[in-house]
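Each remark here refers to the structure printed beneath this line.
The values are calculated or read from the model by the stated rules, or taken from the named source; none is laboratory data. Being a predicted model, the structure only gives us computed values, none of them experimental. Don't worry about glycine lacking a Cβ; one is built from the backbone with ideal geometry, like all the others, and counts go over all protein chains shown. Please note that ligands, DNA and RNA were not included when accessible areas were found on the heavy atoms of the full protein model with its side chains. Shrake-Rupley method; radii C 1.70, N 1.55, O 1.52, S 1.80 Å.
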Amino acid sequence: TMAEERERKPKADIVTRDYSIHMSKRLYGVTFKKRAPRAIREIKAFASKTMKTSDVRIDTTLNKFVWSQGVKNVPTRIRVRLSRRRNEDEDAKEKLYTLVSHVEVKDFKGLQTETVEA
């Protein structure tokens, strides 16, 4: 079961995974002019929740993709690569941060969360 697996594996602090984020369910009922900014916040919240880091950085390519259809027509789904990394900055509060970048896909059918080998 899932719980047993979690206990066995030591927490790998450096890891990279691909996720699909369903944006329309997160932006349902959001005012048009607030959709793209809200989408960025939702992606950050998703990354912070899944990777358990408070420091989340959005790659410029992902930001461009979210805004590509304007402020109100955010893409329905977005495939993202979340990579948890060590903070090089010695005096940083957090030891780890998450970098969120965009992964281009033709189709979302049958895609699952995948661990990317560094």
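Kindly give the semi-axes, whole Å and largest first, of the ellipsoid equivalent to region 26-68, taking each as the square root of 5 times a Cα gyration tensor eigenvalue.
On the way: eigenvalues 74, 37, 9 Å².
So the equivalent ellipsoid measures 19, 14, 7 Å along its semi-axes.
So what's the back-of-envelope 222 nm ellipticity for the chain, counting only DSSP H runs of four-plus at -39500 (n - 2.57) apiece and dividing by all residues, rounded to 500?
Working: 4 runs with 37 residues, N = 118.
For the chain, the value works out to -9000 deg cm²/dmol.
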note = Along the dipole axis of the chain (charges at Cβ: +1 for Lys and Arg, -1 for Asp and Glu; origin at the Cα centre), the most positive-end residue among LEU96, LEU27, THR113 is LEU27
note = Judged on accessible area alone, 1.4 Å probe, highest first, ILE43, ILE14 line up as ILE14, ILE43
request  = Show which aspartates and glutamates lie in cross-link reach of LYS25 when reach means a straight Cα distance below 13 angstrom and same-chain residues fewer than eight apart are skipped.
outcome  = GLU42
query = Stokes-Einstein D for region 47-118 at 4 °C, 1.567 mPa s, Kirkwood Rh over Cα pairs, in µm²/s?
reply = 94 µm²/s
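Only loop residues by DSSP count here, and only those with at most 16 other Cβ atoms within 10 Å; note down the trypsin sites (Lys or Arg not before Pro) in region 20-118 that meet that.
Numbers: sites: LYS25, ARG26, LYS33, LYS34, ARG35, ARG38, ARG41, LYS44, LYS49, LYS52, ARG57, LYS64, LYS72, ARG77, ARG79, ARG81, ARG84, ARG85, ARG86, LYS93, LYS95, LYS106, LYS109; in loops: LYS52, LYS72, LYS93, LYS95, LYS106, LYS109.
Sites meeting the loop and neighbour criteria: LYS52, LYS72, LYS93, LYS95, LYS106, LYS109.
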Region 28-55 and region 79-108: distance between their alpha carbon centers, rounded to Å = 15 Å
